[in-house]
Structures are given as C-alpha cells and as structure tokens.
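Notes follow the structure.
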Amino acid sequence: MREHRKGRLQVRLASRTLRRSQSRWNAVPSRGDEEHSGEASQKQLHFLQTLIDTIPNPIFYKDCNNLYLGCNKAFEQRLGLTRKNILGKSAYDLFPEDQAHKYHATDLALLQKPGEQSYEDTLLYADGCHHDVIIKKATFTDIDGSLGGLVGVTVDITGRKRAERELQIAHDELEVRVRERTAQLAQANEELQNEVAERRRAEEASKESSEKLKLFAYTVVHDLKSPAIGINGLTKLLGRQYKDHLDEKGKKYCDLILRASEHLVALVDKINVYIAAKEVPLKVEEVDMKELFDELVAEVSAVLNERSIVLVQPDGLPRIYADRLSMVRVFRNFLDNAVKYGGEELSEIRIAYEETEDFHVFSVSDNGVGLGENAEKIFSAFHRNETAKGTEGAGLGLCIVREIAERHAGNVWVTPGKSKGSTFAISIGKALK
C-alpha cells in the first residue's frame with residue numbers, strides 16, 4: 001500500500017511538472033522576448049531533469065506515439081542504457097518483443113482512455129536480476145488541453161514480495177505444525193484424561209489402603225508399647241533382685257535385653273510423635289522464642305557444662321505464631337543432635353535468627369565432626385548418617401522436624417561446614433497467624 005501511494009505521488013509530481021514545463025515551452029514569445037524565452041526554457045528543462053534525476057525510482061515519459069521523450073537516471077540504470085540511447089525510441093527498440101508488446105499494449109490502452117493506470121509486474125533489470133515492481137502511469141496534456149503523452153514510475157517491491165512469500169511459507173508451515181500439534185494435544189488430552197481417571201481410582205484405592213494401614217500402625221504401636229515397657233521393667237527387676245545369682249554371661253544377657261527394650265520403648269515413643277506431627281491438628285498460638293530456647297537450654301545445660309560446650313544465643317529473639325509443642329520438638333531435636341553427634345571436639349553451639357518477607361528462619365550450628373556426604377538424606381525416615389554410627393537413635397527425629405516444617409508452611413535444611421560442623425535451619429511461615 002505504501003509503495004502504491006509513493007508511486008502515485010511521484011507520477012502526479014512528474015506529470016504536473018511536465019504540464020507546467022510544456023506550458024512554458026509551448027507559449028509563443030514576442031519577438032523582443034525570444035532570446036529570454038529560450039534561456040528560460042533551457043533553465044526549466046534543466047530544472048525538470050534535475051528534479052526527476054533525484055527521485056530514486058525509475059521515471060519515464062512518452063509522447064502520444066509511444067516514443068520516449070525523457071527519463072531519469074534510475075530509469076537509465078534500470079535499462080542499462082544512457083538517455084541519448086533511449087530518447088525517441090519505442091518499447092520495441094529497447095526490450096525483447098514479448099515485453100515490448102506488453103508495454104505497448106498497456107500504454108496504448110492508457111492513451112486511448114486517459115487517466116491513471118497501475119499494475120504489478122516482474123521486470124528483468126540490467127543487473128540480470130528479476131525485480132517485482134509496481135508500475136504507475138498517468139497521462140498529461142499540452143497547453144491547449146490536448147493529450148500530450150504519459151508519464152510512468154516504477155516502484156521496486158522485490159523485498160516486500162520476498163517477505164510476503166516467506167511469510168506465506170512460514171504461515172503454511174505453521175498451520176501444518178498447528179494441525180499436527182492439535183492432533184497430538186487431542187491425543188495427549190485423551191491419554192491424560194484416561195490417566196487422571198486411572199489415578200483417581202488408584203488414589204481412592206490407595207487412600208482406603210492407607211487408612212487401613214494407618215489404623216494397623218496405630219494398633220501395632222499401641223500394642224507394642226505396653227509389652228516393651230513390661231519387658232524393660234521386668235529386666236530391670238531381674239537385674240536388681242537376681243544379679244547375685246547370675247553369672248557374668250547372664251548379667252550380660254540381662255543388660256542386652258534391657259538396652260533392647262529401652263530402644264524399643266524409645267522407638268515406639270518416636271513413632272507416636274511422628275504420627276502426631278503428621279496427623280494431630282496444629283494449635284497455632286503466639287510463642288515467645290526466647291522463653292522457649294531458655295527452657296531447652298536449661299534441659300541440656302548439665303551436659304553442656306560437663307563437656308565445656310559454649311552455647312550462644314542471639315539477642316532479640318521474636319514472638320512468632322506457631323504450634324508451641326512442635327517448636328519444642330524441632331529445637332530439642334536440633335540441640336540433642338548437636339550434643340549427641342558432635343563428637344569429642346564439639347566446643348560451641350550457636351543459635352541464630354533472621355527473617356524474610358514471608359518467613360522466620362531459625363538455625364542451630366555446631367563445630368563438631370559434621371555430617372559428611374549426602375547430608376540431606378538424614379531427613380528421611382529411619383535414615384542414619386555415617387557419623388551417627390555407634391550412637392543410639394531411632395532415625396525419626398529429623399523426619400519429624402521435616403513434617404513440622406511443612407505443616408508450618410516452611411522448610412528444613414542442613415548446611416555442612418567447610419571442614420567440620422553443620423548448620424540445621426528451619427523456616428516458619430509468617431502467614432500462620
């Protein structure tokens with residue numbers, strides 16, 4: 001559209017200039033003004049030629065006999081000829097016969113019905129390349145109003161046509177890909193719906209099975225605790241009342257039974273805590289974290305003093321909204337693990353706090369032996385790290401911490417120290433209030 005408007009403007013400009021020039025050329029001068037008139041005509045012709053030479057699109061004009069009256073430099077370059085080899089020639093003198101016949105026919109049609117003419121064509125330029133063009137033509141008249149000839153402008157639209165063809169190819173390819181993709185999506189959607197239906201059935205079956213398994217687990221844990229406590233108590237009574245009647249092997253067996261029963265009782269308690277962490281509704285309330293840490297530090301103070309371990313607390317611990325019992329379990333676990341697994345070289349435990357826009361973040365660091373590789377696995381149920389070998393534990397403590405963190409809209413993670421020690425951290429969501 002832009003090329004059409006540009007070509008029309010250039011045709012009108014050239015046609016108007018021709019009419020003005022011809023009116024001056026055809027004016028009859030008085031005898032005294034002949035010399036001045038001739039000079040003025042030459043200046044006008046020079047101006048006209050300079051004007052159309054500055055236009056980058058090829059321009060030509062012809063008389064009523066279809067002979068070239070003039071052209072600009074761009075038209076010379078388009079034909080690969082100089083102006084003197086173009087003026088006075090017809091299309092049959094300059095172009096192959098088939099092209100000349102086409103040009104002559106369109107020009108003749110315009111001259112027979114004066115006005116404007118516009119059409120697209122493909123031309124072979126002097127550079128040997130075919131160019132897509134818009135050809136705009138218009139007739140002009142002499143001073144007496146009679147038909148003087150025609151003027152034409154060629155606008156090169158090769159780039160636009162190439163872009164249109166490429167766009168069409170891309171459009172066609174896109175349509176094919178869209179059809180293929182639509183078919184794939186339809187098939188995938190059908191498969192997904194089938195999978196969703198299958199998963200829904202599996203989830204319902206799994207939920208039913210899970211409820212049965214949960215009930216079984218509660219029953220087993222409940223039924224295990226009483227015998228475990230009974231075995232532990234009876235073993236203690238056996239050791240206390242009959243130790244003088246037992247030989248060394250009997251005393252050893254008695255100690256083994258006692259430790260095994262104590263471990264069983266602890267395991268049952270941990271399982272109960274784990275179930276509570278997953279199932280029991282949270283009681284969210286305002287918790288004074290300084291007060292909570294003071295209580296927990298007091299619990300381990302004897303061990304800390306005995307082993308000369310320094311515990312550092314930050315100033316300004318906040319009050320947060322959380323389940324208080326859950327917070328006690330989390331940080332008791334962190335402190336107990338630091339003391340239990342820190343090793344003989346443990347000399348410092350440090351509590352830290354920071355906050356983000358959405359979370360309270362608490363951490364417990366120590367300078368003990370550290371965790372080694374695959375530290376994150378310790379949050380899995382019944383997983384025991386290499387550094388925990390030889391130390392009693394059920395392998396559920398950090399799994400419980402993870403459940404508590406998730407139920408408090410947060411997360412839990414561990415960062416091993418560069419050479420030793422580790423840092424356990426938990427984030428608590430601020431939106432629990």
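When Asp142, Asp294 are sorted by how many other C-beta atoms sit within 10 angstrom of their C-beta, beginning with the fewest, the order is Asp294, Asp142.
Summarising the amide proton neighbourhood of Ile157: residues at separation of 5 or more, or on other chains, whose placed amide H is nearer than 5 Å comprise Asp132, Val133, Ile134.
Bear in mind that the values in this text are calculations on the coordinates, not laboratory data. Source: prediction; values computed, not measured. Quick reminder, even Gly has a Cβ in these numbers, built from the backbone with ideal geometry, and neighbours come from all protein chains shown.
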